[in-house]
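Down below is the structure, laid out as structure tokens.
Readers should treat all values here as calculations from the given coordinates under stated rules, not as data from a laboratory. On a predicted model such as this, the values are computed, not experimentally measured, just so you know. Cβ: placed from backbone, ideal geometry, glycine included. Neighbour counts: every protein chain shown.
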Amino acid sequence: MMSFANSAIPNSAPPTTSDLNPYSGPWGREQVTHLLKRTMFGAKKTDIDYFIGKGKVLSILELLNDKVVPSPPLNYYENKTSMDMSKWVVDPGAAFGATWINAARDGNYEGLRLNSFRAWWIGQMVNQKRSIKEKMVLFLSNLLATEDLDVYDSRFAYKYNKLLRDNHLGNYKTLIKAVTLEPQMLVYLNGRLNRKQSPDENYGRELQELFTLGKGPDSGYTENDVKAAAKVLTGYSDVMETIGFKFTPGNHDTSNKQFSAFYGNKIINGKTLDAGQQELDEMLDMIFNTNEVSKYICRRVYTFFVYYEITPEVETNIITPLAAKFKASGYSLKTLMETLLSSNHFFDKAIMGSVIKSPIDFIIGCAREFNVTFPTSSLTDLVALYNTWINLSNNSTNILQSIGNPPNVAGWPAYYQAPQYHEIWINTDSYYKRNNFTNSIASGYNVGSYKIGINILTYFKGFKTPSDPNKLIQELVERIYIRSLSQSSLNALKSILIGTQTDNYWTLAWNDYLANPTNTTKINTVQNKLISLLQNMMKYAEYHLS
């Protein structure tokens, strides 16, 4: 299906000899590009240069230090252009250019508001700071998955995303309690329907199976533990008016809850009135006192940020000590990420360029690395801006990742399903659509009246020596691939620029364009060849790897 530019497939064997000790090796383009591709969406040339100059320690500290709170999503969808006023789109909860996040739920506009939220989220990724925040939000939205279209309340979706965003490097135990009581989750996993008269085990099961303990060999919770957890969680429901939750003592099971030997035969004594809420804290203390929570979360972090397979050696040398440190920190996600990203293991060459980009990584990374320009955030351009963001979201959906809507509570299978893992992202259809996207963005395409695409000539003018076809291609390889190419592969790419001519053919063509920058013929001569070069390079498997 996919072919490599190189004739030999890069080594993709999982690393086994590196450890968690701080990395002290070379710090250059290769290391920084790897770090940025794993912690951000794409590695922009300006960011690579910036972090090379900062060194490893300061680079990682900066990536883990983003406290900026973004402005909320806006009503971009108001439409009064029709002569028939009955066809106007006028959201009573938010004027054009205003936010709807505190408006009353309105079934007539929830679809439009959810589109606004989806576009806004894409916009946060496109315009991300030099920070791991957006990658962590995606990680947490997959680990603690909900489906926006299932819940169908835009305010709940935004507030849940904000919770993950605000706590992306916070205390995981604290986050789990907040997630448990978040309206989006109370609706999604039926927590609001869980009452003593009719217990619902859905959230009690997923809390243990997916959010804290996992299903590993040492995760020994039982079906009775699921039933007991469900009883602890009775009485909570969402409050639509305040976008919050409430606890109703009359719906809470006040009996004693007996847990299994896995939890040390813990009994959580039933409590009445508002004291019933204390049972949730007791249960979370019980769950997080096990060693398995820290191991499970470290495994999930590892397979998302490092490598899809955890070998016995990695379990022993990386996961076990990392989990011990994570638990000792009181479940600080920042401690976990700083330790992992600073390690010898993370910078092991075998890890670099070893995983297939997720659709979101592929789409957003492309837009960022090639400096694709978007409309401004002014009211005049607001519709065009949100529509371009939605277009990127739709392209990601077309290649198997719909932001905010994983296939189920387990998240996207590519992050956990053996033995395919990341290979799930690529099939005949998705690869064809990936190529369609890169072909289109290289040549430019219209979203409404706005043309989105790579400004080819501006992009290549930023190269050191664009008049030399060898240096141009070498720099392009360094910018968009993790691994270098063989000389024969470089020569094959050069033929796109010069055909059967000598190198001087391209040099003359480029310089001729620079001397005549408004001449359409001379512009097209170099622009069309550069578009073809980019389109071909983005088809190769190397471009699909991170």
query: Given the C-alpha centroids of region 441-496 and region 377-405, what is the distance between them in whole angstrom?
result: 25 Å
The chain, dipole about Cα centre (Lys/Arg Cβ +1, Asp/Glu Cβ -1), debye to the nearest 20: 980 debye
task: On a 0 to 90° scale, report how tilted helix 359-369 is relative to the longest principal axis of the chain, with both axes built from alpha carbons and the result rounded to the nearest 10.
output: 50 degrees
- request: Report the FRET efficiency, 1/(1 + (r/R0)^6), for residue 457 and residue 486, where r is their Cβ-Cβ distance and R0 is 30 Å, rounded to 0.05.
  value: 0.55
statement: Net charge near residue 527 (other residues with Cβ under 13 Å of its Cβ; Lys, Arg +1; Asp, Glu -1) is +2
Within-13-Å neighbourhood charge of residue 278 [Cβ basis; K, R +1; D, E -1]: -2
field: Quotient of C-alpha Rg and 2.2 N^0.38 Å, computed over region 466-544
entry: 1.10
field: Hydrodynamic radius by Kirkwood, which averages 1/r over all alpha carbon pairs of region 130-237, in angstrom
entry: 14.5 Å
- request: Compute the signed sum of charges (Lys and Arg +1, Asp and Glu -1) over the other residues within less than 12 Å, Cβ to Cβ, of residue 176.
  value: -2
query: What pairs in 159/266; 135/529; 451/539; 54/133 have C-alpha atoms more than 31 Å from each other?
result: 159/266; 135/529
message: Please arrange 337, 240, 283, 83 by how many other C-beta atoms lie within 10 Å of their C-beta, fewest to most.
response: 83, 240, 337, 283
- prompt: How about residue 45: which aspartates and glutamates have a C-alpha closer than 20 Å to its C-alpha, ignoring those fewer than 8 places off in the same chain?
  reply: 30, 62, 134, 361, 369, 468, 475, 478, 542
- line: Once both label points are put 7 Å beyond Cα along the C-beta direction, the residue 315-residue 80 separation in nm becomes 6.4 nm
field: Anchor residue 522: lysines whose Cα lies under 20 Å away (excluding residues fewer than 8 positions away in-chain)
entry: 461, 494
message: Highest mean first, how do 532-540, 55-63 rank when packing is the count of other Cβ atoms within 10 Å averaged over residues?
response: 532-540, 55-63
- prompt: So, in Å, what gap is there between the alpha-carbon centers of region 120-145 and region 503-530?
  reply: 40 Å
task: With a Förster radius of 41 Å, plug the Cβ-Cβ distance of residue 69 and residue 518 into 1/(1 + (r/R0)^6) and report the FRET value to the nearest 0.05.
output: 0.35
- line: Fraction of alpha-carbon pairs in region 144-191 farther than 14 Å apart, rounded to whole percent, equals 44 percent
query: Using a basic spin-label model with each label point 7 Å from the Cα along Cα→Cβ, how many nm lie between residue 440 and residue 174?
result: 4.3 nm
- prompt: Classify the chain: rounded, prolate or oblate, from the alpha-carbon gyration tensor (a ≥ b ≥ c, eigenvalue square roots; a/c under 1.5 rounded; otherwise prolate if a/b is larger than b/c)?
  reply: oblate
query: Using the count of nearby Cβ atoms within 10 Å as a rough guide to exposure, how do 358, 377, 131 rank from fewest to most?
result: 377, 131, 358
